[in-house]
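K.L.:
Okay, handing you the structure first.
The values are calculated or read from the model by the stated rules, or taken from the named source; none is laboratory data. Remember, it's a predicted structure, so these values are computed and weren't measured experimentally. No Cβ is skipped: glycine too gets one built from the backbone with ideal geometry, and neighbour counts run over all protein chains shown.
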């Protein structure tokens, strides 16, 4: 017989320490000889990122980067592809170091790297940054170079491997025309052609990009032609199939689908015509969604809320699906009929996985969650769909309270926490999430909302947020909660909402402009749009122009939307969590809200985390943030829990 206890007070074996220590962020991975190299985060080392060698059987090998270095780029602030193995007579790893953003080279098996680019730090802030390395002509690598010494500009550049540019910047060859943003450099197999994408303010890469193609000459900058993209078309991830055909992803049809451009004939062919996404938002450079398996086949990730693996035939457009037990999959490399992929599932979370493309046998190489929670503690996920006030579909992922052997008290409805993803051009995806299980195993439900503006459902769904940030995201989130309440799934008196960054903005807007929620947690959330436009980094400095309106022309709208100008409308308790080194959403954004809540006498707490940037990476801070959140809900929703109480002002 199950034990009946109040929702929220179920004893759980999933602790905040388990979530922090047991979750190892995984990045890219590649084959190297008979090994697999995996990018891993180290929460216990302040979030340092390193590279680790694994056997194909998952046997943990040596760390390849000295503990003095952090393999992380700051291009566009969000970074991305920050390392590359260059196989030659002396195999080396090329990587960007977080602290100084210089590019380094280190021989595999050694730990002392050699700098390849010059020092550029001014007042503690590197002015030259590099990312997305690819093998160039012999003795060089190609990469993105971000130059912040004056008006920000980005180029595709050629970096010599002999170290001659470590002291002399002019030895770095600028290849592409100046652009505000560039990404995805790709050299043809014969080294005679170079492709890349670019975009300009006020566009984001999911709004409009241009695909460039240039003959690769030995000297000087390259003269390119634009072969795809333009207004209202987002082109992603060019990949060469051979020396004439270039594959890429475009959303010209309303969905990110694969295409091929043939240079000799200047002809573009759409390979697949499906209402499904074969790509996503380019928040981090180097993100990939497919790979060229051969000159005639692509291995692609595609879907909507979840993604599947398919083989697309570039000659016929035929598509063959693989039946695999993953909710998300991202191809990373292929060798001897084995696919190396980033995968997600509800039972094992994020993993780097080897998949046999013939037998579909699969085996993990590395796992984000080191010690899997007791299966009895894990929730199942339901795809939840409802209608907003405009009659439009709204998508969400529903996780009901779940722990084997426990149920709530008769006639009691559970408290629910609403997760609001960041971005806002992003997506909540179904995977084993220890932070979700941290709540659900204690008897607290979670609903993760993919409001209008989220990716994964086509350009029309994504564009619903244009000019309406703070309106559509709030109304869609409220619609989901009202549906849960109407179906008697959630207790209307105990509805929390939490989110980080752009999700924190939606939290504050929801608390300000609706009365559905009874508690809210904002993690490094936006509260003042004017302050954000005036005090954020270049990549997102005009993001608001599409989400709200051009500034300063739409200054009145910015004032009207900002929660900070309407704090008097907030009537429920608020918890604010913020990193003191955040350059994306500066601490002033949270401090202003805390001050206003204090002036109004609204119950709240403000916790500033030392040494943290945009997102918490240090294990002790992840623990404190989780425990403070649970304690906050326990205080407001009146249930007992096993973490230290939180003091509210």
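K.L.:
Suppose we filter region 580-599 for residues that are assigned to a helix (DSSP H, G or I) and surrounded by fewer than 18 Cβ atoms within 10 Å (Cβ to Cβ); how many remain?
P.N.:
Number satisfying all stated conditions: 6.
K.L.:
Looking at region 138-164 only, could you name the residues that are part of a loop (DSSP other than H, G, I, E, B) and in contact (Cβ under 8 Å) with a residue 60 or more places away in the chain?
P.N.:
Across region 138-164, the qualifying residues are 148, 152, 161.
K.L.:
Residue 514: free of Cβ contacts under 8 Å to residues at least 60 places away in the same chain, in the same structural domain as residue 424 (by TED's automatic domain parsing) and surrounded by fewer than 19 Cβ atoms within 10 Å (Cβ to Cβ), yes or no?
P.N.:
Details: free of Cβ contacts under 8 Å to residues at least 60 places away in the same chain: yes; in the same structural domain as residue 424 (by TED's automatic domain parsing): yes; surrounded by fewer than 19 Cβ atoms within 10 Å (Cβ to Cβ): yes.
When the stated conditions are applied, residue 514 passes them.
One line per residue, one yes/no per condition, for (1) farther than 30 Å from residue 255 by Cα; (2) in the same structural domain as residue 505 (by TED's automatic domain parsing); (3) modelled with pLDDT under 95:
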residue	(1), (2), (3)
400	yes, yes, no
403	yes, yes, no
408	yes, yes, yes
418	no, yes, no
431	no, yes, yes
451	no, yes, no
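K.L.:
I would also like to ask the following. Would you point out the residue of region 58-85, among those that are part of a strand (DSSP E or B) and more than 24 Å from the chain's Cα centre (by Cα), that is nearest to residue 185 (Cα to Cα)?
P.N.:
Selected residue: 63.
K.L.:
Whether any residue in region 601-618 is surrounded by fewer than 22 Cβ atoms within 10 Å (Cβ to Cβ), assigned to a helix (DSSP H, G or I) and not assigned by TED's automatic domain parsing to the domain that holds residue 42 is what I want to check.
P.N.:
no
K.L.:
Same structure again: How many residues does region 13-57 hold that are surrounded by fewer than 21 Cβ atoms within 10 Å (Cβ to Cβ), more than 21 Å from the chain's Cα centre (by Cα) and part of a loop (DSSP other than H, G, I, E, B)?
P.N.:
The qualifying residues number 6.
K.L.:
Would you tally the residues in region 454-471 being in a helix (DSSP H, G or I) and either buried (at least 23 other Cβ atoms within 10 Å of the Cβ) or in the same structural domain as residue 252 (by TED's automatic domain parsing) (or both)?
P.N.:
The qualifying residues number 1.
K.L.:
Additional query: Would you call residue 577 at pLDDT 95 or above and either part of a loop (DSSP other than H, G, I, E, B) or over 22 Å from residue 467 (Cα atoms) (or both)?
P.N.:
So residue 577 passes the test.
K.L.:
Read through the list (1) within 27 Å of the chain's Cα centre (by Cα); (2) touching a residue at least 60 places away in the same chain (Cβ under 8 Å); (3) within 25 Å of residue 171 (Cα to Cα), then give the number of the only condition that residue 92 fails.
P.N.:
(1)
K.L.:
Would a scan of region 92-114 turn up a residue that is in contact with a helix residue (DSSP H, G or I) (Cβ under 6 Å, 6 or more places away or on another chain) and either assigned by TED's automatic domain parsing to the domain that holds residue 617 or buried (at least 21 other Cβ atoms within 10 Å of the Cβ) (or both)?
P.N.:
Looking through region 92-114, none of the residues is in contact with a helix residue (DSSP H, G or I) (Cβ under 6 Å, 6 or more places away or on another chain) and either assigned by TED's automatic domain parsing to the domain that holds residue 617 or buried (at least 21 other Cβ atoms within 10 Å of the Cβ) (or both).
K.L.:
So how many residues does region 270-296 have that are surrounded by fewer than 18 Cβ atoms within 10 Å (Cβ to Cβ) and either under 17 Å from the mean Cα position of the chain (by Cα) or within 22 Å of residue 188 (Cβ to Cβ) (or both)?
P.N.:
4
K.L.:
In this structure, does residue 385 turn out to be under 19 Å from residue 11 (Cβ atoms), in the same structural domain as residue 433 (by TED's automatic domain parsing) and either surrounded by 15 or more Cβ atoms within 10 Å (Cβ to Cβ) or within 27 Å of the chain's Cα centre (by Cα) (or both)?
P.N.:
no
K.L.:
So residue 104 fits all but one of (1) assigned to a loop (DSSP other than H, G, I, E, B); (2) over 27 Å from residue 364 (Cβ atoms); what number is the exception?
P.N.:
Unmet condition: (1).
K.L.:
Taking region 115-132 as the search range and keeping residues that are surrounded by fewer than 19 Cβ atoms within 10 Å (Cβ to Cβ) and touching a strand residue (DSSP E or B) at 6+ places or on another chain (Cβ under 6 Å), which one is farthest from residue 582 (Cα to Cα)?
P.N.:
115
K.L.:
Right, another one. Pick out the one residue from 451, 438 that is over 19 Å from residue 374 (Cα atoms) and touching a residue at least 24 places away in the same chain (Cβ under 8 Å). So that I can check it myself, show each step before the final result.
P.N.:
On the way: 438 fails: over 19 Å from residue 374 (Cα atoms).
Testing whether each residue is over 19 Å from residue 374 (Cα atoms) and touching a residue at least 24 places away in the same chain (Cβ under 8 Å) leaves just 451.
K.L.:
Test residue 188 against the stated conditions and say whether it is in contact (Cβ under 8 Å) with a residue 40 or more places away in the chain, crowded, with 21+ Cβ neighbours inside 10 Å, in the same structural domain as residue 245 (by TED's automatic domain parsing) and in contact with a strand residue (DSSP E or B) (Cβ under 8 Å, 6 or more places away or on another chain). Walk me through it before giving the result.
P.N.:
On the way: in contact (Cβ under 8 Å) with a residue 40 or more places away in the chain: yes; crowded, with 21+ Cβ neighbours inside 10 Å: no; in the same structural domain as residue 245 (by TED's automatic domain parsing): yes; in contact with a strand residue (DSSP E or B) (Cβ under 8 Å, 6 or more places away or on another chain): yes.
Judged against the criteria, residue 188 is not a match.
K.L.:
For residue 548, state whether it is closer than 20 Å to residue 594 by Cα and either crowded, with 22+ Cβ neighbours inside 10 Å or in the same structural domain as residue 418 (by TED's automatic domain parsing) (or both).
P.N.:
Numbers: closer than 20 Å to residue 594 by Cα: no; either crowded, with 22+ Cβ neighbours inside 10 Å or in the same structural domain as residue 418 (by TED's automatic domain parsing) (or both): yes.
No, not satisfied.
K.L.:
OK, next. Please work out if residue 622 is in contact (Cβ under 8 Å) with a residue 24 or more places away in the chain, under 31 Å from the mean Cα position of the chain (by Cα) and either in a helix (DSSP H, G or I) or over 30 Å from residue 50 (Cα atoms) (or both).
P.N.:
yes
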